[in-house]
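Here's the structure, in structure tokens; my notes come after.
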Amino acid sequence: MTDQAVGGGHLPPEAAEASATTAPGPRAAAPRQDGAAARPTVPATAVAPSTRGFAGRRRELKALHADIARAGLDTLSGRKGARSRVLLIAGRPGSGRTSLAEELLRELAGDHPDGVLRATLTGPGGEPADIGHTARELLAALGTGAPPGAPEDELTERLREALAGRRALLFLDDAPGADQVEPLLPDAPDCLVVVVSQGPLTGIPDVRPCALGGLDSAAGVAVLARYAGPTRITVDPRTADSVVEECGGQPAALVLAGAWLAARPMSSVADLRQALHAVPLPPDLPTGARPLFRAFRLTHDALPPPAARMLRLLTLAPGGLVDAHIASALAGCSVATAVTTLGEFVALGLLRPVAAEGDEVPGARAPDAALYPPYRLPGCLHPLACELLTEHERPSEVQLARARMLERTVRLLQSCRAMGEPADSPARKKTAGLPRSLRFGSREAAAHWLHSRRGALLDAARIAVADGELDTLDRRLMAALTRTLLAHQGAEAAAPDLYALHGLVLRVAERRGLPRERAAALLNLGDLDGQAGRTAQALTRYRGALEAARSVKDPVATGRALESLGGTYTELGDWQRAADWYGRALELRLARGESGDAARLHGRIGSALAHAGRWGEALKAWRAAVGTYRRLGDVAGQARATGEVARVQEYAGRPEDALRTCLEALDIARRASDGRLEAALQLRIADTLDRLGDPAAAGLHRAVGERLLGDHSG
């Protein structure tokens with residue numbers, strides 16, 4: 001698991017003394033562990049210390065630099081490598097492996113002008129991340145898009161193409177193995193890939209491994225001194241050494257131990273050692289896992305019961321991203337209580353702040369929900385907290401906590417969506433009645449919240465779908481998320497996320513036997529497949545939607561499926577099948593008395609038949625459209641359909657008939673006050689007159705058409 005929050009905030013030996021004078025007090029936050037200065041967005045009780053440092057891994061860091069400078073196997077054979085070099089930092093969770101990688105990336109950034117790309121290849125629950133999803137996120141970071149629903153192979157190929165010719169750093173954290181790494185490796189010799197994993201990357205050639213053990217005694221003591229303060233460490237150095245030994249030199253365990261001591265000004269280092277040693281161990285726990293287990297259990301068991309319960313429930317947070325809203329909903333407490341408790345968790349090394357791009361939002365003021373800072377439970381602590389959740393919480397309590405969290409998320413999404421609408425809209429007015437903590441102060445603040453929480457929101461939808469008891473709530477969640485994405489991003493930008501959401505709706509519908517929802521999901525997926533050029537897949541989706549809609553006699557979904565099939569065959573140029581499917585849709589519309597839709601379908605049938613060269617049938621269809629529009633009183637529609645009758649007559653080799661019909665259409669367009677249509681008809685009349693050998697009359701009509709076109713060009 002990722003352990004950057006607790007594994008690398010160590011000071012170099014030469015800075016240990018200076019750091020001791022600035023060590024945080026008992027209620028200060030744990031420092032940023034990724035080598036960057038912390039940006040405090042947390043309450044005063046959890047302000048991160050300003051001193052930044054890195055210690056205990058100088059030998060490994062030097063070896064990594066040497067590996068970069070050393071020639072690869074391809075270079076030794078006289079060929080320049082076709083793929084990027086791969087450095088592996090291997091170590092168990094809690095060993096500081098991510099922090100070492102971040103320090104290396106910081107030192108290498110100047111040599112890679114195309115920047116650093118980051119991806120975590122394991123989810124909060126320990127499951128391998130989806131490779132296609134990871135590739136899409138990396139492409140988005142590069143400013144390169146990909147069609148919604150694109151398969152994994154296409155996405156990874158696009159990623160390699162996007163990185164070709166660049167000089168970038170690719171950081172793949174918490175890789176389960178070579179199978180998750182290899183598809184993401186760029187064909188770019190000037191890029192460098194840094195991988196963090198627990199074991200080897202068997203199968204990837206010329207990987208340079210750097211295996212991490214525990215910190216030496218001096219570096220471990222420096223970690224303790226940073227968190228607990230220098231005085232108690234200095235007066236009892238031998239016991240401090242023994243604490244480092246008890247913690248196995250593991251940075252994560254040392255941070256927790258030091259923070260535990262910092263919170264107890266009256267306790268000694270010997271008390272810390274005794275408390276660690278007193279933590280009971282499961283009989284089957286591997287030796288290497290014992291130090292972190294003891295330090296975490298010691299910290300957890302010392303928490304007040306409500307805080308300990310909140311910590312356990314944080315493992316349910318979607319995407320591992322926690323803020324005051326998520327914490328308060330899970331624990332069933334107020335947002336203010338959650339803010340305070342999360343700050344205390346940071347001080348104890350149990351959470352790490354997450355710095356998101358664009359945290360400062362112009363015009364956003366408290367109590368904007370977007371301003372509640374996000375945190376993550378370090379990956380090395382997540383499985384330990386999950387064990388405690390299972391041990392202490394009943395399944396019904398877990399279910400209720402998750403339901404509260406999803407309900408809060410739905411309300412936030414509704415508030416966020418409302419901010420994307422005009423100020424006087426009913427949705428905006430409705431948000432005024434929400435609690436202040438659920439209101440966004442501006443559209444910018446709402447958009448920022450959506451952007452920064454996007455991954456967690458999508459994960460929330462996945463969690464809801466995976467839970468068989470929350471299908472009503474998860475449908476509300478996905479509907480709210482879909483509308484919010486459309487409101488703030490637009491259909492094109494949101495398409496990849498919408499594809500994933502419609503896929504989740506389909507899973508729910510198929511699991512619960514909900515044909516209406518299944519039809520709707522298949523129609524939406526078919527639309528996105530068609531837009532991406534996957535017409536065969538779109539046809540399969542639409543046929544499935546038609547079957548589901550007919551099974552429950554849903555005329556709306558049935559009609560849409562029939563029209564979508566006609567439209568797809570139109571895209572394929574299969575005009576006869578297009579006309580047939582449009583004809584079936586027309587029968588349904590006529591049976592329901594939906595004359596407006598019937599007129600539109602008459603026109604689509606006429607267009608398909610005209611493309612097929614079946615002029616007589618095409619004229620019949622377009623004349624039916626003209627008649628329907630006339631009965632509806634839709635003068636503009638009547639004019640357009642009459643113009644199409646003239647077009648088919650022209651194609652059929654009947655220019656005189658086409659001219660008479662076009663003049664009729666022109667008269668109707670004038671009555672409709674449709675200047676653009678009138679201009680188009682004038683120009684078409686001019687072309688027809690040219691073909692009939694009357695250039696003078698053609699010139700007059702063309703001049704009028706061009707003038708009208710200029711008048712209505714806006």
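The values are calculated or read from the model by the stated rules, or taken from the named source; none is laboratory data. Note that this is a predicted model, so its numbers are computed, not measured. All Cβ positions, glycine included, derive from the backbone under ideal geometry; neighbour counts span all protein chains shown. In case anyone asks, the SASA skips ligands and DNA or RNA and just uses the protein heavy atoms, side chains included. Shrake-Rupley method; radii C 1.70, N 1.55, O 1.52, S 1.80 Å.
Some observations on this one:
- Scattering profile of the stretch 645-692 at q = 0.31 Å⁻¹ [log10 I(q)/I(0), Debye over alpha-carbon scatterers]: -1.12
- Extension gain (nm, one decimal) between residue 127 and residue 571, 0.36 nm per residue minus Cα-Cα: 155.8 nm
- From the C-alpha gyration tensor of the stretch 131-210, square roots of 5λ in Å: 21, 15, 10
- Its Cα centre serving as origin, the chain has a Cβ charge dipole (Lys and Arg +1, Asp and Glu -1) of approximately 1420 debye.
- Residue ranking by accessible heavy-atom surface, 1.4 Å probe, largest first, among 111, 529 comes out as 111, 529.
- Spin-label pair residue 69-residue 157: with each label point 7 Å from Cα along the Cα-Cβ axis, the two points sit 4.1 nm from one another.
- Available extension along the chain between residue 711 and residue 399 is 105.9 nm, counting 0.36 nm per residue and deducting the alpha carbon span.
- Accessible area of the stretch 450-530 divided out per residue, in Å², using a probe of 1.4 angstrom: 39
- In the chain, the longest principal axis of the Cα atoms and the axis of helix 575-591 are about 90 degrees apart.
- Inverse mean reciprocal Cα-Cα distance (Kirkwood Rh) of the chain, Å: 29.7
- Note on residue 429 and residue 266: the extension gain reaches 53.3 nm, defined as 0.36 nm multiplied by sequence separation minus the Cα-Cα distance.
- If you plug the beta carbon distance of residue 211 and residue 512 into 1/(1 + (r/R0)^6) with R0 = 41 Å, you get a FRET efficiency near 0.25.
- The trypsin sites (Lys or Arg not before Pro) of the stretch 548-628 meeting both criteria, a DSSP state outside H, G, I, E and B (loop) and at most 11 other C-beta atoms within 10 angstrom of the site's C-beta, are 553.
- Close amide H partners of residue 170, meaning residues 5 or more places away or on another chain with modelled amide H under 5 Å apart, are 117, 192, 193, 194.
- The angle between the Cα long axis of helix 237-246 and the longest principal axis of the Cα atoms of the chain comes to about 50 degrees, rounded to the nearest 10.
- Restricting the stretch 586-645 to GluC sites (Glu not before Pro) that sit in a DSSP loop and have at most 14 other Cβ atoms within 10 Å of their own Cβ leaves nothing.
- With distances taken between every two different alpha-carbon atoms, the stretch 484-529 has a Kirkwood hydrodynamic radius of 10.8 Å.
- Antiparallel DSSP beta bridges within the chain, as percent of all bridges there, nearest 5: 20
- Computed magnitude of the charge dipole of the stretch 472-630 (debye, nearest 20; Cβ of K, R +1, Cβ of D, E -1): 420
- Where 390, 570 fall by accessible area, highest first, once all protein chains stay in place (1.4 Å): 390, 570
- For the peptides 516-528, 473-485, the ranking by mean Cβ contacts within 10 Å, running from highest to lowest, is 516-528, 473-485.
- For the stretch 589-714: rounded, prolate or oblate by the Cα gyration tensor [a/c cutoff 1.5]: oblate
- Positive-end residue, the chain charge dipole about Cα centroid, Cβ charges, pick of 503, 405, 669: 669
- In plain terms, if you count all Cα to Cα distances in the stretch 445-593 and split them into 10 Å steps from zero, the share in each step is 12, 36, 33, 16, 4, 0 percent.
- Helix axis angle, 515-531 relative to the chain longest principal axis, alpha carbon, degrees: 80
- Cα centroid separation - the stretch 292-307 against the stretch 249-285, whole Å: 10
- Using C-alpha pairs below 8 Å separated by at least 6 residues, the relative contact order for the chain is 10 percent.
- Fraction of the pair-distance distribution of the stretch 606-645 above 12 Å, Cα-Cα pairs, percent: 51
- Positive-end residue of 286, 319, 239, charge dipole of the stretch 230-321 with Cβ unit charges: 319
- Projection of the Cα convex hull of the stretch 227-292, averaged over all directions and equal to a quarter of that hull's surface, yields 4.2 nm².
- Mean projection of the Cα convex hull over all viewing directions, computed for the stretch 217-366: 11.0 nm².
- Within the accessible surface of the stretch 85-229, defined with a 1.4 Å probe on protein heavy atoms only, the carbon and sulfur portion equals 49 percent.
- Annotation for the stretch 157-221 versus the stretch 403-466: alpha-carbon center distance of 37 Å.
- Percent accessible area from carbon and sulfur atoms, the stretch 571-668, protein chains only, probe 1.4 Å: 47
- Pairwise centroid distance, computed over Cα atoms, of the stretch 115-138 with the stretch 477-547, Å: 23
- Placing unit charges on each Cβ (+1 for Lys and Arg, -1 for Asp and Glu) gives the chain a dipole about its Cα centre, and among 204, 588, 56 the Cα reaching farthest toward its positive end belongs to 588.
- Annotation: residue 702 carries an accessible surface of approximately 70 Å², with a 1.4 Å probe and no ligand, DNA or RNA atoms counted.
- Heavy-atom accessible area with a 1.4 Å probe sorts 629, 227, largest first, into 629, 227.
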